[in-house]
């Protein structure tokens, strides 16, 4: 089943037979002190730069998060979304744990957004799903509940099923629910990635819905993070992952696009060859203008 998302004039389709959807992770102040301070001061220049840079690097969508303590998050999120939409024309994932901020963001978004996120907790389902339905958005559902992050793939599947069922009860199609199977850092748990991969396969086989996760989580606290992320993504794609909020570092994007080709999601290598030719043209450009 496909999930269709839109900006003002561009459509992105996420699905098992579609090219992998890269959602740029960078417009997020978490762990970025300078960026957070800029946002507090109303300076949105980095939002523009990060939006442009990630799309140029290969992002199909952008995640936008305004989570800074002691700010008016609904107003800041609206400002960041307007800025991102002025800079680029790709669909946006509106990322907040604050219901009022999600509502504010959806109210000014131009297109069909992806809401990040809801959990399998009853209270969160009742707060967020009506909002998603009212704005005809799609939603990311995190496979955890009141007890926290489940340790087993089977329990995560139960949480995912609960979210899909609740969404359908609110008039949201299963195709508009994208499950996050939860990727934790392998630096803290050596089984974290294998658990995530088993969860992805289980959700693919049992529910058939699209999936998205924070791919960079797997490498947190370890050296050469981009290399680890680039190794993880093809494994997850082969297991059934259809999108990720991820770094647009060259090695990560190249790993995803190569996997698209090898998994049969880039017919005749058209996208791979087009990207290669674009790089060749860019490399020749300075010599041509010298």
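The values are calculated or read from the model by the stated rules, or taken from the named source; none is laboratory data. Everything numeric here is computed off the predicted structure, so don't read it as measured data. Cβ placement follows ideal geometry from the backbone for every residue including glycine, while neighbour counts extend to all protein chains displayed.
Restricted to the stretch 42-143, the set of helices (runs of 4 or more DSSP H) holding at least 2 residues that are under 17 Å from the mean Cα position of the chain (by Cα) comprises 45-57, 73-87, 99-108. Any residue at all in the stretch 170-179 that is over 18 Å from the mean Cα position of the chain (by Cα), modelled with pLDDT of 95 or more, surrounded by 20 or more Cβ atoms within 10 Å (Cβ to Cβ) and farther than 18 Å from residue 245 by Cα? Scanning the stretch 170-179 turns up at least one residue that is over 18 Å from the mean Cα position of the chain (by Cα), modelled with pLDDT of 95 or more, surrounded by 20 or more Cβ atoms within 10 Å (Cβ to Cβ) and farther than 18 Å from residue 245 by Cα. Residues that are surrounded by fewer than 21 Cβ atoms within 10 Å (Cβ to Cβ) and closer than 17 Å to residue 164 by Cβ within the stretch 202-237 comprise 202, 204, 205, 206, 207, 208, listed in sequence order. Hey, could you check the stretch 17-41 for residues that are exposed (fewer than 15 other Cβ atoms within 10 Å of the Cβ) and closer than 30 Å to residue 4 by Cβ and say which is nearest to the chain's Cα centre (by Cα)? The residue in question is 30.
Exactly one residue out of 268, 272 is surrounded by 13 or more Cβ atoms within 10 Å (Cβ to Cβ) and out of contact with any strand residue (DSSP E or B) (no Cβ under 9 Å at 6 or more places or on another chain): that is 272.
Residue by residue, here is whether (1) surrounded by fewer than 16 Cβ atoms within 10 Å (Cβ to Cβ); (2) out of contact with any helix residue (DSSP H, G or I) (no Cβ under 7 Å at 6 or more places or on another chain); (3) in contact (Cβ under 8 Å) with a residue 60 or more places away in the chain; (4) within 23 Å of residue 31 (Cα to Cα) holds:
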| site | (1), (2), (3), (4) |
| --- | --- |
| 186 | no, no, no, yes |
| 199 | no, no, no, no |
| 242 | no, yes, yes, no |
| 253 | no, no, yes, yes |
